[in-house]
């Protein structure tokens with residue numbers, strides 16, 4: 001028996017000797033920790049539900065070290081994401097429009113410090129200071145423009161009226177601060193920059209990018225948003241947490257956030273800032289990578305956001321122990337997030353793009369970059385430091401003056417301080433109701449909440465709460481100033497519901513919450529109104545921005561139409577809910593008029609709703625708490641409780657049938 005087993009064993013060895021053996025080449029073994037780090041971090045997001053799929057790339061000295069797609073690009077077709085899968089890149093697009101401007105600067109066709117009106121003479125605002133906005137200020141976020149003309153520009157089709165609608169909105173708008181005073185993130189500035197490129201070059205912006213950037217750099221998978229790309233390209237589809245997909249996203253703000261790409265292509269682009277290959281002059285590359293400080297820079301404890309031209313982070317000392325200067329840009333839409341880091345001095349770039357608004361591509365990409373630099377021997381491996389809990393100290397008396405209401409873009413906050421207990425509590429205030437947003441304890445000049453740190457400061461008479469992270473100070477919120485002689489709006493605003501009327505059927509679901517707004521007033525803030533964010537009442541029919549240091553804030557104008565008071569919100573048009581047609585039992589027919597305005601019905605009874613929708617039409621049903629139905633992702637009949645609002649949107653002439661069956 002033993003002899004038989006020995007013979008069998010020898011035969012097995014002979015058979016195995018003839019089988020092919022998988023041998024890893026040195027290149028495949030190289031930077032294994034970087035690859036493991038990338039896969040681990042991305043899969044954390046996928047399993048947590050914050051990401052659906054992702055693409056990652058690492059480039060060194062012009063050579064692709066590592067590139068991979070992770071997750072499912074298309075679940076219905078069982079298509080995996082690969083390194084060539086295309087994703088939308090959001091605001092990473094800003095570096096491309098800044099590069100386009102600098103190409104024209106190299107040709108002597110554009111001057112950074114000339115007024116924007118030199119190139120767009122029809123650009124005007126209800127604030128004479130607009131004449132001082134320069135091209136440079138568009139690219140370093142210091143223009144003072146309010147923020148983002150979002151309406152109908154995040155959706156499923158390109159808005160061909162984006163330029164005219166932006167100029168029309170700015171015509172009625174004021175500036176939130178003097179041009180050059182502060183650098184506050186601003187999307188509309190990059191749409192104006194996109195317009196300058198098209199105007200000066202005589203080409204569409206998309207064609208300019210293709211001819212001057214994409215083709216010279218071999219970026220064969222970079223172009224317009226995924227919803228505008230031709231058939232045959234593998235695209236990463238976005239899936240909601242409930243597993244449903246939405247139509248492919250189109251961001252009409254191309255210069256600000258409307259491009260798509262792969263991680264590999266983004267690395268190729270980033271590598272061009274090391275001059276290999278060079279599409280810009282050395283002078284223009286240096287100008288883009290240079291910090292572009294506003295007058296506010298240097299007035300906080302540490303440096304503020306180090307904007308370059310198009311870049312979020314210019315000359316960032318991300319690794320203080322080494323002289324490794326990092327440049328970076330993040331991007332995010334409602335469906336995708338993206339991040340690119342580059343070290344031009346070392347010709348090292350890392351890019352990550354993912355589906356999902358909360359995929360945290362920024363952190364993932366930085367973790368991958370750190371792993372790669374460690375494996376290269378450029379930085380030491382970071383050792384985990386165990387810290388003792390923060391020892392709570394009483395809050396100094398002089399800081400108690402910072403209690404009160406604050407503005408944070410469209411959010412209203414209230415900060416309460418318990419001096420003896422050393423505790424800060426921040427509340428979110430909405431419709432007169434408060435909910436705790438965060439708590440922090442005081443120690444040695446900072447309020448601590450886990451790894452996050454905050455402090456109060458006053459600059460030029462304005463009080464702020466500052467967040468410290470990534471060795472940078474950023475304004476979190478600005479304290480609301482009391483009004484000396486408070487005014488009241490022309491119509492009562494407390495608890496009043498408004499319905500948006502200039503909604504296109506192709507607008508993204510992300511924007512749906514803005515279709516129904518309830519205005520309010522806070523008793524402790526006389527002279528202010530909350531209409532999708534706090535505003536200071538300047539006249540009975542005009543309420544302006546309440547702060548100068550915040551992104552994406554709006555202004556409110558009231559106007560008369562057909563005997564009723566309507567509202568204009570920085571380009572969005574609203575009517576009072578009383579003008580919505582009551583839903584009748586049986587068939588309700590609504591038609592889209594020549595203006596293209598969407599129509600509204602209001603249910604006065606519990607009902608089962610059935611819909612007949614034209615091919616390019618859309619129906620959204622808003623319940624008392626949230627959206628109950630949206631025809632871009634739902635189908636069939638639904639139950640709608642009394643008080644529900646039914647919105648129909650489409651093209652002029654579209655006919656909709658809404659059948660309501662009352663329930664006993």
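The values are calculated or read from the model by the stated rules, or taken from the named source; none is laboratory data. Only a predicted model underlies this, so the values are computations on that prediction, with no experimental measurement involved. As a convention, Cβ positions derive from the backbone with ideal geometry for all residues, glycine included, and neighbour counts pool all protein chains shown.
Could you check the range 355-373 and list, in sequence order, the residues that are over 30 Å from residue 519 (Cβ atoms) and in a loop (DSSP other than H, G, I, E, B)?
Result: 356, 359, 360.
Going through 503, 516 one at a time, which residue ends up being modelled with pLDDT of 95 or more, in contact with a helix residue (DSSP H, G or I) (Cβ under 9 Å, 6 or more places away or on another chain), under 30 Å from residue 593 (Cα atoms) and surrounded by 23 or more Cβ atoms within 10 Å (Cβ to Cβ)?
Answer to the check: 503.
Check residue 208 against each of (1) without any contact (Cβ under 8 Å) to a residue 60 or more places away in the chain; (2) in contact with a helix residue (DSSP H, G or I) (Cβ under 7 Å, 6 or more places away or on another chain) and name the one condition it does not meet.
(1)
Can you tell me which residue is surrounded by the most Cβ atoms within 10 Å (Cβ to Cβ) among those in the range 317-338 that are at pLDDT 80 or above and assigned to a loop (DSSP other than H, G, I, E, B)?
Applying the filter and picking the extreme gives 335.
Residues that are without any contact (Cβ under 8 Å) to a residue 24 or more places away in the chain, closer than 30 Å to residue 556 by Cβ and exposed (fewer than 15 other Cβ atoms within 10 Å of the Cβ): does the range 408-416 have at least one?
If we filter the range 408-416 for residues that are without any contact (Cβ under 8 Å) to a residue 24 or more places away in the chain, which is where we start, we get 414, 416.
Retained after the next criterion (residues that are closer than 30 Å to residue 556 by Cβ): 414, 416.
Next cut, exposed (fewer than 15 other Cβ atoms within 10 Å of the Cβ) only: 416.
Yes: one or more hits.
Criterion first (closer than 27 Å to residue 506 by Cα, touching a residue at least 12 places away in the same chain (Cβ under 8 Å) and out of contact with any helix residue (DSSP H, G or I) (no Cβ under 6 Å at 6 or more places or on another chain)) does residue 592 satisfy it?
yes
Return yes or no: is residue 542 touching a strand residue (DSSP E or B) at 6+ places or on another chain (Cβ under 6 Å), surrounded by 15 or more Cβ atoms within 10 Å (Cβ to Cβ), closer than 19 Å to residue 168 by Cα and not assigned by TED's automatic domain parsing to the domain that holds residue 614? Even if it seems obvious, please write down each step before you answer.
Numbers: touching a strand residue (DSSP E or B) at 6+ places or on another chain (Cβ under 6 Å): yes; surrounded by 15 or more Cβ atoms within 10 Å (Cβ to Cβ): yes; closer than 19 Å to residue 168 by Cα: yes; not assigned by TED's automatic domain parsing to the domain that holds residue 614: yes.
Yes; evaluated as a whole, the condition is true for this residue.
Would you mind telling me which numbered condition in (1) touching a residue at least 40 places away in the same chain (Cβ under 8 Å); (2) crowded, with 19+ Cβ neighbours inside 10 Å; (3) in contact with a strand residue (DSSP E or B) (Cβ under 8 Å, 6 or more places away or on another chain); (4) over 30 Å from residue 445 (Cα atoms) residue 371 fails?
If we test residue 371 against (1) touching a residue at least 40 places away in the same chain (Cβ under 8 Å); (2) crowded, with 19+ Cβ neighbours inside 10 Å; (3) in contact with a strand residue (DSSP E or B) (Cβ under 8 Å, 6 or more places away or on another chain); (4) over 30 Å from residue 445 (Cα atoms), just (3) comes out false.
Results for (1) assigned by TED's automatic domain parsing to the domain that holds residue 153; (2) surrounded by 18 or more Cβ atoms within 10 Å (Cβ to Cβ); (3) in contact with a helix residue (DSSP H, G or I) (Cβ under 8 Å, 6 or more places away or on another chain); (4) within 19 Å of residue 249 (Cα to Cα), shown as yes or no for each residue.
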residue: 31; (1), (2), (3), (4): no, yes, yes, no
residue: 41; (1), (2), (3), (4): no, yes, yes, no
residue: 50; (1), (2), (3), (4): no, no, no, yes
residue: 55; (1), (2), (3), (4): no, yes, yes, yes
residue: 58; (1), (2), (3), (4): no, yes, yes, no
residue: 62; (1), (2), (3), (4): no, no, yes, no
residue: 85; (1), (2), (3), (4): no, yes, no, yes
residue: 112; (1), (2), (3), (4): yes, yes, yes, no
residue: 128; (1), (2), (3), (4): yes, no, no, no
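Does the range 262-270 contain at least one residue that is outside any helix (DSSP H, G or I) and in contact (Cβ under 8 Å) with a residue 60 or more places away in the chain?
Yes, some residue in the range 262-270 is outside any helix (DSSP H, G or I) and in contact (Cβ under 8 Å) with a residue 60 or more places away in the chain.
Any chance the range 130-138 includes a residue that's in contact with a strand residue (DSSP E or B) (Cβ under 9 Å, 6 or more places away or on another chain), without any contact (Cβ under 8 Å) to a residue 40 or more places away in the chain, closer than 29 Å to residue 242 by Cα and assigned to a helix (DSSP H, G or I)?
Looking through the range 130-138, none of the residues is in contact with a strand residue (DSSP E or B) (Cβ under 9 Å, 6 or more places away or on another chain), without any contact (Cβ under 8 Å) to a residue 40 or more places away in the chain, closer than 29 Å to residue 242 by Cα and assigned to a helix (DSSP H, G or I).
Residue by residue, here is whether (1) at pLDDT 90 or above; (2) assigned by TED's automatic domain parsing to the domain that holds residue 446; (3) surrounded by fewer than 20 Cβ atoms within 10 Å (Cβ to Cβ); (4) under 21 Å from the mean Cα position of the chain (by Cα) holds:
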position	(1), (2), (3), (4)
239	yes, no, no, yes
248	yes, no, yes, yes
260	yes, no, no, yes
288	yes, no, no, no
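If a residue counts only when it is free of Cβ contacts under 8 Å to residues at least 60 places away in the same chain, which strands (runs of 3 or more DSSP E) contained entirely in the range 40-116 have at least 1 such residues?
63-74
Here are some residues: 189, 218. Which one is touching a residue at least 12 places away in the same chain (Cβ under 8 Å), in the same structural domain as residue 146 (by TED's automatic domain parsing) and more than 24 Å from the chain's Cα centre (by Cα)? Outline the logic, then answer.
On the way: 189 fails: more than 24 Å from the chain's Cα centre (by Cα).
So the residue among 189, 218 that is touching a residue at least 12 places away in the same chain (Cβ under 8 Å), in the same structural domain as residue 146 (by TED's automatic domain parsing) and more than 24 Å from the chain's Cα centre (by Cα) is 218.
Select from the range 550-571 the residues that are at negative phi and crowded, with 20+ Cβ neighbours inside 10 Å and list them in ascending order.
Once the filter is applied, which keeps residues that are at negative phi and crowded, with 20+ Cβ neighbours inside 10 Å, the range 550-571 yields 550, 553, 554, 555, 556, 567, 569.
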